[in-house]
Amino acid sequence: MKQIFILAGLSALLFSVSNTHLPINRPLGNPLRSESKDTLVYKYHITKERSPDCGARPDSECTVAKVVYPFFNNQPLLNSSIQRKLATAFNFGDKRISTVKELVHGVIRAYLADTELIKDKGSYSLDASLKVARQDSYLLAFKIDGHTYSGGAHGLDKAAFLNWDIKKQRELTLNDILVNGYRQQLTRIGEKIFRKDEKLNANAPLTDNYFFKNGKFSLNDNFMITPTGLQFLYNEYEIKSFAQGQTGLFIPYAQIKSLLRPNTVVSQYLK
């Protein structure tokens with residue numbers, strides 16, 4: 001599949017970008033969101049760009065890149081982290097892209113550079129969002145969803161998470177909430193849950209229908225902190241075929257109590 005984010009120098013006069021501010025101060029519907037009150041004020045923004053050859057055609061018939069994301073009042077570190085997270089999720093390895101504007105602009109540039117696709121009247125697309133899944137006094141949890149297409153038989157769906165420590169103003173990793181040396185035990189617990197979810201016995205091989213390296217189960221770092229446990233997610237092609245889609249894996253805190261660091265954002269959820 002062709003790289004869709006080519007940063008070749010094309011004239012800035014060949015594109016148009018619109019930024020729309022949506023007056024939304026609450027997270028959109030999400031089954032993982034609690035009823036806790038929001039503690040930071042934000043509005044959802046839309047950054048969108050259409051290819052110059054779209055003309056009057058609807059978005060569904062031409063190359064369009066669109067990203068929806070929240071902007072928080074007086075939170076520069078959080079806002080820049082949101083931009084970088086979106087850019088990282090959909091830039092296909094191009095580390096030069098670090099903002100949403102660069103992200104959508106890169107899609108249009110890549111399409112305009114793909115003369116073969118233009119000749120065949122094809123199109124590129126990016127439709128992505130980063131939305132608040134949960135907010136309380138200590139934690140902001142975000143869910144990222146996106147669909148990209150750059151030619152070929154089908155596009156790709158991708159999802160990711162961002163966990164933000166409100167007090168320390170930084171993104172949280174597993175190392176921030178779990179004790180040193182947690183990986184082996186967490187992986188063992190995760191594999192047990194995974195096998196149960198997949199209806200596999202303890203000795204069933206993970207080589208035939210899965211893409212785990214050397215047939216050995218592993219957890220990724222794509223997780224969201226929830227009030228009851230850690231929600232992991234594997235994207236398309238990560239551990240299964242495209243047809244099998246994304247795979248979720250939920251690890252309850254009750255099963256990893258000994259691995260949880262004291263005095264972290266998770267502590268508020270433990271009894």
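Counting only residues that are surrounded by 16 or more Cβ atoms within 10 Å (Cβ to Cβ) and over 30 Å from VAL107 (Cβ atoms), how many does the stretch 152-173 have?
2
Touching a residue at least 24 places away in the same chain (Cβ under 8 Å), aliphatic (A, V, I, L, M), surrounded by fewer than 19 Cβ atoms within 10 Å (Cβ to Cβ) and not assigned by TED's automatic domain parsing to the domain that holds TRP164: is that true of ILE189 in this structure? Walk me through how you get there before you give the answer.
Numbers: touching a residue at least 24 places away in the same chain (Cβ under 8 Å): yes; aliphatic (A, V, I, L, M): yes; surrounded by fewer than 19 Cβ atoms within 10 Å (Cβ to Cβ): yes; not assigned by TED's automatic domain parsing to the domain that holds TRP164: yes.
Considered against the rule, which asks whether it is touching a residue at least 24 places away in the same chain (Cβ under 8 Å), aliphatic (A, V, I, L, M), surrounded by fewer than 19 Cβ atoms within 10 Å (Cβ to Cβ) and not assigned by TED's automatic domain parsing to the domain that holds TRP164, ILE189 comes out as yes.
Looking only at the stretch 227-251, which residues are farther than 15 Å from ASP157 by Cβ and small (Gly, Ala, Ser)?
Within the stretch 227-251, just GLY229 meets the criteria.
Find all pairs meeting these conditions: Cβ atoms under 6 angstrom apart; at least six residues apart or on different chains; first residue within the stretch 152-166 and closer than 14 Å to ASP127 by Cα; second residue buried (at least 17 other Cβ atoms within 10 Å of the Cβ) and of a type in the set (Phe, Trp, Tyr).
GLY155/TYR149
State the number of residues belonging to the stretch 63-97 that are farther than 15 Å from ARG109 by Cβ and either buried (at least 19 other Cβ atoms within 10 Å of the Cβ) or charged (D, E, K, R) (or both). First the steps, then the outcome.
Step one: of the stretch 63-97, the residues farther than 15 Å from ARG109 by Cβ are 66-86, 88-89, 93, 95.
Going one step further and asking which of them are either buried (at least 19 other Cβ atoms within 10 Å of the Cβ) or charged (D, E, K, R) (or both), we end up with 66-70, 75, 78, 82-86, 89, 95.
Count: 14.
For the stretch 107-137, which positions are surrounded by fewer than 17 Cβ atoms within 10 Å (Cβ to Cβ) and within 30 Å of PRO227 (Cβ to Cβ)?
SER137
Any chance you could count how many residues in the stretch 183-211 are assigned to a loop (DSSP other than H, G, I, E, B), over 15 Å from LEU249 (Cα atoms) and within 24 Å of the chain's Cα centre (by Cα)?
Initial filter on the stretch 183-211 (assigned to a loop (DSSP other than H, G, I, E, B)): 198-211.
Checking the rest, the ones that are also over 15 Å from LEU249 (Cα atoms) come to 201-209, 211.
Narrowing the set further to residues that are within 24 Å of the chain's Cα centre (by Cα) leaves 211.
Looking only at that region, the number is 1.
On the given criteria, is PHE232 touching a residue at least 12 places away in the same chain (Cβ under 8 Å), under 20 Å from ARG183 (Cβ atoms) and not in a loop (DSSP other than H, G, I, E, B)? Before the answer, list the steps.
Working: touching a residue at least 12 places away in the same chain (Cβ under 8 Å): yes; under 20 Å from ARG183 (Cβ atoms): yes; not in a loop (DSSP other than H, G, I, E, B): yes.
Yes; evaluated as a whole, the condition is true for this residue.
Restricting attention to the stretch 95-116, which residues are in a loop (DSSP other than H, G, I, E, B) and touching a Phe, Trp or Tyr at 6+ places or on another chain (Cβ under 8 Å)? It would help to see each step written out before you state the result.
Of all residues in the stretch 95-116, those in a loop (DSSP other than H, G, I, E, B) come to 95-99, 114.
Of everything in the stretch 95-116, those that are in a loop (DSSP other than H, G, I, E, B) and touching a Phe, Trp or Tyr at 6+ places or on another chain (Cβ under 8 Å) turn out to be ILE97, ASP114.
Can you find even one residue in the stretch 138-146 that is within 21 Å of SER218 (Cβ to Cβ) and either outside the structural domain of GLU49 (by TED's automatic domain parsing) or buried (at least 21 other Cβ atoms within 10 Å of the Cβ) (or both)?
From the stretch 138-146, those within 21 Å of SER218 (Cβ to Cβ) are none; that's our starting set.
No - not one qualifying residue is present in the stretch 138-146.
For the stretch 108-124, give me each residue that is in contact (Cβ under 8 Å) with a residue 12 or more places away in the chain, more than 10 Å from SER150 (Cα to Cα) and not hydrophobic (A, V, I, L, M, F, W, C). Explain how you work it out, then say what you get.
As a first pass, look at the stretch 108-124 and keep what is in contact (Cβ under 8 Å) with a residue 12 or more places away in the chain: 108-114, 117-118, 122-124.
Filter again for more than 10 Å from SER150 (Cα to Cα), leaving 108-109, 112-113, 118.
Correct list: ARG109 only.
Report, by residue number, each residue of the stretch 148-173 that is among the polar types (S, T, N, Q), farther than 24 Å from THR63 by Cα and either touching a Pro at 6+ places or on another chain (Cβ under 6 Å) or assigned to a loop (DSSP other than H, G, I, E, B) (or both).
Let us first name the residues in the stretch 148-173 that are among the polar types (S, T, N, Q), namely 148, 150, 163, 169, 173.
With farther than 24 Å from THR63 by Cα added as a condition, the list becomes 163, 169, 173.
The answer is GLN169, THR173.
The values are calculated or read from the model by the stated rules, or taken from the named source; none is laboratory data. A quick note: this is a predicted structure, and the numbers were derived from the prediction, not measured. Cβ atoms come from the backbone with ideal geometry, glycine included; neighbour counts cover every protein chain shown.
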